[in-house]
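**Q** Below are the C-alpha cells for one structure; questions will follow.
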Amino acid sequence: MTNKKGFKYEPKTINDIIWGNTESRLRIEDIVSGTEALPYCGKSAILLYGVFGTGKTTLAKMLPNAIEIGKSGQGLMLPENLIACQQGFNGPQVMVLIENALNKVSLNESGLHYFILDEVDNLTSSAQQSLKSALNTDRGIFILTTNNISELDKGLKDRCVLVEMNAAPISGYLPLAKSLISDMGVVMSDIELLPTITAANGSLRNLIHNVERLARRNKGVV
Ligand SMILES: Nc1ncnc2c1ncn2[C@@H]1O[C@H](COP(=O)(O)OP(=O)(O)OP(=O)(O)O)[C@@H](O)[C@H]1O
Ligand SMILES: [Mg+2]
C-alpha cells in the first residue's frame, strides 16, 4: 500500500473491488475466466454503470489486463486505449481514435485491442451512434463506464454486457472502514460506523473521507 494521500486503500486487483451485488461479481469473473466469451455474438463491450464513486473507473482500468491473461495466459503487451469522454467527443473524432487503433496489428497474444471509454454518456448522440458501429467488431474489447445509463443509445447498450455498480450492502464496506480506523489507532464498534457508511451511499470517496474524519474526531485529533 502506498501512502499517497487518499489513495492508500485503492484496490490493487479485482478481488479488492466492493461489489454492489453478487451477479455483478460473477459476471466479471465469468468474463475474465472466459466462461462468458467476448467478443461474441454481437457483443464486444462491458458497460459498468451506477452511482458515483463505486469503483467503475478503477475496475475498468483493471479489466483489459485481467481479460487478456484469461485469454492468453499473458498480460497486455500493448497498453489499452483510454478515451476520457468528458470533453463531449463527436462521432468522427471517436471513430478516428478507434479505427486508428484497430488498424494497427495488436501486440497482445490474443490479437485483440482493448479500449476504455470513461463516462461514455458525455459523448454526443452522434458519437454514441458511431461508437455503436465501432462495437461491431471482433478485433477489440470495449469497457464503458457511466453514471447515466438512461442517457445511452439503446443499440449501444445492446452491444454491451451490462454490469451494475451501485452501492453494496453495508456489510461490504465494514472491512474497509475497520482497516481505516485501525490504521489510525482508533477503536470503534460496527454500530458507531454504520451511519457514516450508510450516508456515503456507495461512494468510496465519501466513505473513506468521512470514516477518517469520524476516526479523527473520536481520537480527539481534529
Ligand atoms: N474497493 C475499494 N476500496 C477502496 N477504495 C476504492 C475501492 N474502489 C474504489 N475506490 C476508490 O474510490 C475512489 C472512486 O473510485 P472510481 O473513480 O473508480 O469510482 P467511479 O465509480 O468511477 O466514480 P464516478 O462515478 O464518479 O466516475 C477512487 O479514489 C478509488 O481509488
Ligand atoms: Mg469514474
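Bear in mind these aren't lab numbers, they're just calculated from the coordinates by the rules spelled out. This structure is a prediction, so every number in the text was calculated from the model and none was measured. Cβ sites come from the backbone with ideal geometry, for glycine too, and all protein chains shown count toward neighbours.
**Q** Please enumerate, by chain and number, the lysines with C-alpha under 21 Å from the C-alpha of Lys12, excluding those fewer than 8 residues away in the same chain.
**A** Lys4, Lys56, Lys61, Lys71, Lys178
**Q** Just to confirm the number: angle between the C-alpha axis of helix 174-183 and the first principal axis of the chain, 0 to 90 degrees, nearest 10?
**A** 60 degrees
**Q** Can you tell me which aspartates and glutamates have their Cα less than 18 Å from the Cα of Lys104? Leave out same-chain residues fewer than eight positions away.
**A** Those aspartates and glutamates meeting the cut-off are Glu68, Glu80, Asp138.
**Q** Same structure, new question: In degrees, nearest 10, range 0 to 90: what is the angle between the Cα axis of helix 190-199 and the longest Cα principal axis of the chain?
**A** 40 degrees
**Q** What is the sum of charges around Ile18, taking Lys and Arg as +1, Asp and Glu as -1, for the other residues whose C-beta is under 14 Å from the C-beta of Ile18?
**A** Working: positive: Lys12, Arg25, Lys56, Lys178, Arg205; negative: Glu10, Asp16, Glu164.
Summing Lys/Arg as +1 and Asp/Glu as -1 gives +2.
**Q** Cut-off is 10 Å between beta-carbons; in what order do Val187, Val161, Val120 appear when sorted fewest neighbours first?
**A** Details: Val187 11, Val161 17, Val120 30.
Placing the least packed residue first, the sequence is Val187, Val161, Val120.
**Q** Mind sorting Cys41, Cys85 by how few other Cβ atoms lie within 10 Å of their own Cβ, fewest first? Write out the running numbers ahead of the final one.
**A** On the way: Cys41 7, Cys85 22.
The most exposed by this proxy come first: Cys41, Cys85.
**Q** Consider all pairwise Cα distances in the range 170-219 and report the whole-number % of them above 15 Å.
**A** Values: 373 of 1225 pairs.
Summing the P(r) tail past 15 Å for the range 170-219 gives 30 percent.
**Q** When Rg is the radius of gyration of the Cα atoms in the range 16-164 and Rh is its Kirkwood radius, what does Rg/Rh come to?
**A** On the way: Rg = 14.1 Å, Rh = 15.2 Å.
Reported Rg/Rh (Cα atoms, Kirkwood Rh): 0.93.
**Q** Sort Thr198, Thr22 so that the residue with the fewest other Cβ atoms within 10 Å of its own Cβ comes first and the one with the most comes last.
**A** Values: Thr198 12, Thr22 8.
Taking fewest neighbouring Cβ atoms as first place, the list is Thr22, Thr198.
**Q** Still on this structure, I have one more. Among residues other than Lys61 whose Cβ falls under 11 Å from its Cβ, what is the net charge (Lys/Arg +1, Asp/Glu -1)? Walk me through the numbers before you get to the answer.
**A** On the way: positive: Lys56; negative: Glu10, Glu80, Asp118.
My count for the surroundings of Lys61 gives -2.
**Q** Let me ask something else about it. Find out how many positive minus negative residues lie around Ile197, taking Lys and Arg as positive, Asp and Glu as negative, among other residues whose Cβ is under 14 Å from that of Ile197.
**A** On the way: positive: Lys178, Arg205, Arg213; negative: Asp190, Glu192, Glu212.
After counting each charged neighbour, the total is 0.
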